[in-house]
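Contents: one structure, followed by commentary.
The values are calculated or read from the model by the stated rules, or taken from the named source; none is laboratory data. All values reported here derive from a predicted model rather than from experimental measurement. Please note: Cβ atoms are built from the backbone with ideal geometry, for glycine as well, and neighbour counts cover all protein chains shown. With ligands, DNA and RNA removed, areas are computed over all heavy atoms of the protein, side chains included. Shrake-Rupley method; radii C 1.70, N 1.55, O 1.52, S 1.80 Å.
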Amino acid sequence: MTVPACEKHNNSFSELDEKFQFFIKAFKTNPVAKKDFEDRVLRGLQRKEKQSFIQDLEENARSGTIYGKSCFFLSLKENEAKIFIEKIVRGIYFYHHEKPAKGIIHSVSKRIVYEGFNTNAAVDFLKEDLHPQLLKEGEYNNPEVFRYKYFSAQGLFMIFMDFYEQAEFIGIVYPEGFTFD
């Protein structure tokens, strides 16, 4: 899927794209993610121009356990997750509507923890609330890497994205002019 972007926006996201490739592939949720992480990502990190990226990882990455399971933790800078997912949501919205998204955009994932917000409950609620028969299958090439389903009606656009079969993100584009007031 190709979505047009100006050079400024395309280039300004390259560092963030790289960080999220690392972030999502590091979960090693399927053989494709594991192989790509261990081969391409780790090999790419050995390049001299990646030293600042490595330093950032050293300062912000940790491993630990949750409920007895080993986990990888990456502290993201403010709004990095929002910006990255919003970029993808905007691209897919444009692909399906042939116009830029103008409304408020929100996203949520069980993989991103926000202080004071139960992301697990939010994701579960959204998945349960929208009947699967209302969702349309998206257009993608390799479901082992990325797949999505979406709902679009009356200006509301919801997308359920899945990276490497287990890294789910949900994006919502509210209708233009919508407010929470």
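The chymotrypsin sites (Phe, Trp or Tyr not before Pro) of the range 147-181 meeting both criteria, a DSSP state outside H, G, I, E and B (loop) and at most 10 other C-beta atoms within 10 angstrom of the site's C-beta, are 180.
Here the dipole of the range 46-92 is about 200 debye; that uses its Cα centre as origin and unit charges on the Cβ of Lys and Arg (positive) and Asp and Glu (negative). A straight Cα-to-Cα reach below 19 Å connects residue 35 with the aspartates and glutamates 17, 18, 144, 162, 165, residues fewer than 8 places away in its own chain not being considered.
For the options 47, 111, 90, a Gaussian network treatment of the chain with springs between C-alpha atoms closer than 10 Å singles out 47 as fluctuating the most. Between the Cα long axis of helix 51-60 and the first principal axis of the chain there is an angle of about 80°, rounded to the nearest 10. Ligands, DNA and RNA are left out, and with a 1.4 angstrom probe the accessible area of the range 100-181 is 62 Å² per residue.
Only protein atoms count toward the accessible area here, which uses a 1.4 Å probe; on the chain, the carbon and sulfur part of that area reaches 50 percent. The GluC sites (Glu not before Pro) found in the range 74-110 that occupy coil by DSSP, while having at most 13 further C-beta atoms within 10 Å, are 78, 98. Taking a straight Cα-Cα cut-off under 25 Å and skipping sequence neighbours fewer than 8 places away in the same chain, the lysines within cross-link reach of residue 136 are 82, 87, 99, 102, 110, 127, 149. Mind checking the range 48-92 for chymotrypsin sites (Phe, Trp or Tyr not before Pro) that DSSP puts in a loop (not H, G, I, E or B) and that have at most 10 other Cβ atoms within 10 Å? Sites meeting the loop and neighbour criteria: 67. Each Cα pair under 8 Å and six or more residues apart adds its sequence gap; the mean of these over the residue count of the chain is a relative contact order of 21 percent.
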